[in-house]
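Participant: The structure follows.
The values are calculated or read from the model by the stated rules, or taken from the named source; none is laboratory data. The model shown is predicted, which means the values in this text are computed figures rather than measured ones. Here the Cβ positions follow ideal geometry from the backbone for every residue, glycine too, while neighbour counts run over all protein chains shown. The protein model used for the area step is the full one, side chains on, heavy atoms only, and it has no ligands, DNA or RNA in it. Shrake-Rupley method; radii C 1.70, N 1.55, O 1.52, S 1.80 Å.
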Amino acid sequence: MPAIKFRGVDFIGFDTLLSDDERLVRDTARKFIEDNLIPIIEECNRAGRFPRELVKPMAELGFFGANLKGYGCAGMSNVEYGLVTQELERGDSGVRSFVSVQSALVMYPIYTFGSDEQKNTWLPALQSGDKLGCFGLTEPDFGSNPGGMRTRAKKVGKDYVLNGEKMWITSGTIADVAVIWAKVEDEGDKVRGFLVETDRPGFKADDIHGKWSLRASVTSGLSLQDVRVPESNLLPGSGGLKSPLMCLNQARYGIAWGAIGAAMSCYDCALQYSLLRKQFRDQPIASHQLVQEKLTWMINEITKAQLLILQVGRLKDAGKVEHQHISMAKRNNVWMALECARLSRDILGANGVADDYPIMRHLMNLESVKTYEGTHDIHTLIIGQSVTGIDAF
Ligand SMILES: Cc1cc2nc3c(=O)[nH]c(=O)nc-3n(C[C@H](O)[C@H](O)[C@H](O)COP(=O)(O)OP(=O)(O)OC[C@H]3O[C@@H](n4cnc5c(N)ncnc54)[C@H](O)[C@@H]3O)c2cc1C
């Protein structure tokens, strides 16, 4: 079977809904992924290796903090930024996760809640990839319910002293700075964000091994034992659980685009394979009705997902997006992508479980994407709350 090369997926002239600039950004990101990530990603996935050599080239293309303005950031629209994450995840969800964390979970909170000094110190260095960041919200006992967190910050003189454990933290061991969310004891346990340089005494990060998912992304546990930071490391504009949730909304928006990329990769691979692979009467398997039904389901759902996220992106660019809109796009598009990965894996038969093809890797990656940044079911409750006005958490 010849190697299958991605051809793009567009059933209803979706491209005509994009501006020239948007298409240019998408095509640039697509070429970068094709030339630089596709040739190495299966090796990275097997080895459980994050392709760190791509950090600088991605920074040069403006992928970090792409939709922020100033500080060397590309100042892309939200739709352009989304198209970048789509292409990144067409390559690999782990690499897209790295970019989402650096951009939406580290640069965004500094940009939104940080002091001028914090912005000037960190944003240019994070944009250029000279410094890497991570976002510590989840704890071993608090995932979907981060409000229960045990991590505490206590004011001691002109410093804060932080204690706690964070778990499942993307880029934890490669980060220079961690955005740590903690309850501040002297402020009635209000949740606030702190910038913690990872070389401070008492800060420890260890990789989580044995993951069957996002193998090309670093995932770590963090431990903070009496970590002392100056009060200037507090993100002054942060206050309450709303602050980390605002960051998650930014990341979820990128994920909703990204999942379409993974779905496109699986669908296009399965479609091309089905036209080449012959079974029964020397006919391609694409000629069988049951195979066509699977392909139809996929292109149908990918097309609906594209339209949903484009509208959410247009609302975001107009300053009118609501968090429940982003929840719907994340919930639908990741579910859709996971179903596409399962159907595509099936169409490839035994070849579907091998890493000669990208499908099984996407399938395993998407299991994490379904869980992180608010699980599928948590987004169900967010939408339910929005339409009924009743909190069912
Ligand atoms: C690879 C990876 C990378 C990650 N990166 C980061 C990161 O960089 N930073 C970070 O802070 N976190 C990160 N996370 C953590 C992620 O955000 C959490 O895993 C997620 O919030 C879910 O929490 P949990 O795993 O504790 O599951 P739980 O909250 O224990 O949920 C388990 C199950 O119970 C369900 N459930 C929970 N509450 C309810 C309810 N009220 N009603 C109905 N069902 C419910 C959930 O939907 C789920 O199915 C990462 C996770 C993974 C897997």
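Participant: Within the stretch 157-266, report the trypsin sites (Lys or Arg not before Pro) that DSSP leaves as loop and that have at most 10 other Cβ atoms within 10 Å. Mind showing how you got there, number by number?
Facilitator: On the way: sites: 158, 166, 183, 190, 192, 204, 211, 215, 228, 242, 252; in loops: 158, 211, 215.
Passing sites in the stretch 157-266 are 158.
Participant: Further, regarding this structure: Per residue, how much accessible area does the stretch 297-377 show when a 1.4 Å probe rolls over the protein heavy atoms, in square angstrom?
Facilitator: Dividing the accessible area of the stretch 297-377 by its residue count gives 40 Å².
Participant: Okay, moving on. Quickly work out the residue 47-to-residue 152 label distance, labels modelled 7 Å from Cα along the C-beta direction, and quote it in nm with one decimal.
Facilitator: Distance between label points: 4.4 nm.
Participant: Still on this structure: What accessible area per residue, rounded to a whole number of Å², is obtained for the stretch 177-233 using a probe radius of 1.4 Å?
Facilitator: 43
Participant: With just the Cα atoms defining each centre, how far is the stretch 267-298 from the stretch 1-58? Give it in Å.
Facilitator: After rounding, the separation between the Cα centres reads 24 Å.
Participant: Now for a different question. Kindly sort 7, 277, 30 by accessible area of their heavy atoms, largest first, with the probe set to 1.4 Å.
Facilitator: Heavy-atom accessible area, descending, gives 7, 277, 30.
Participant: Could you count how many Lys pairs in the stretch 1-143 have their Cα atoms under 25 Å apart, skipping same-chain pairs fewer than 8 positions apart?
Facilitator: 9
Participant: With contacts defined as alpha carbon pairs under 8 Å and 6 or more residues apart, what's the relative contact order of the chain in percent? Please list the in-between numbers first.
Facilitator: Numbers: 717 pairs, mean separation 70.6, N = 393.
Dividing the mean separation by the residue count of the chain yields 18 percent.
Participant: Let me ask another. Restricting to the chain, what percent of DSSP beta bridges are antiparallel, rounded to 5? Please report the intermediate quantities before stating the final value.
Facilitator: Details: 30 of 36 bridges.
Rounded to the nearest five, the antiparallel share is 85 percent.
Participant: Given H placed on each backbone N at 1.01 Å, which residues far from residue 238 in sequence or on other chains put an amide H within less than 5 Å of it?
Facilitator: For residue 238, whose amide H was placed from the backbone, the distant partners under 5 Å are 193.
Participant: While we're looking at this one, here's another question. For residue 197, what residues show an amide H to amide H distance below 5 Å, using hydrogens built from the backbone and excluding near sequence neighbours?
Facilitator: 178
Participant: Averaged per residue, what accessible surface does the stretch 59-169 expose to a 1.4 Å probe, in Å²?
Facilitator: Details: 3600 Å² over 111 residues.
Result: 32 Å² of accessible area for each residue.
Participant: Quick one: Karplus J couplings for the stretch 163-176, per residue in order, coefficients 6.51, -1.76, 1.60, θ = phi - 60°, nearest Hz, x for Gly and Pro?
Facilitator: Once rounded to whole Hz, the list reads 9, x, 10, 10, 9, 6, 9, 4, 6, x, 7, 9, 7, 8.
Participant: Continuing with this model, one more query. Between the stretch 330-390 and the stretch 138-159, how many Å separate their Cα centres?
Facilitator: Rounded to whole Å, the Cα centres lie 30 Å apart.
Participant: Still on this structure, I have one more. Cα centroid distance between the stretch 65-126 and the stretch 161-238, in Å?
Facilitator: Measuring centre to centre over Cα atoms gives 19 Å.
Participant: Enumerate the calculated ³J(HN,Hα) couplings along the stretch 51-60 in order (Karplus 6.51 cos²θ - 1.76 cosθ + 1.60, θ = phi - 60°), each rounded to whole Hz, writing x wherever the residue is Gly or Pro.
Facilitator: Along the stretch 51-60, the couplings run x, 4, 5, 8, 4, 5, x, 5, 4, 5 Hz.
Participant: Using the Kyte-Doolittle scale, which helices in the chain average at least -0.5 and also have C-alpha atoms spread 24 Å or more along the helix axis, with helices defined as whole DSSP H runs?
Facilitator: Working: long enough: 242-276 (51 Å, 0.51); 289-317 (42 Å, 0.05); 323-347 (36 Å, -0.45).
Membrane-span-like by this rule: 242-276, 289-317, 323-347.
Participant: I'd like the carbon and sulfur percentage of the solvent accessible area for the chain, probe radius 1.4 Å, heavy atoms only, ligands and nucleic acids excluded. Please report the intermediate quantities before stating the final value.
Facilitator: On the way: 8560 of 16400 Å².
Roughly 52 percent, rounded to a whole number.
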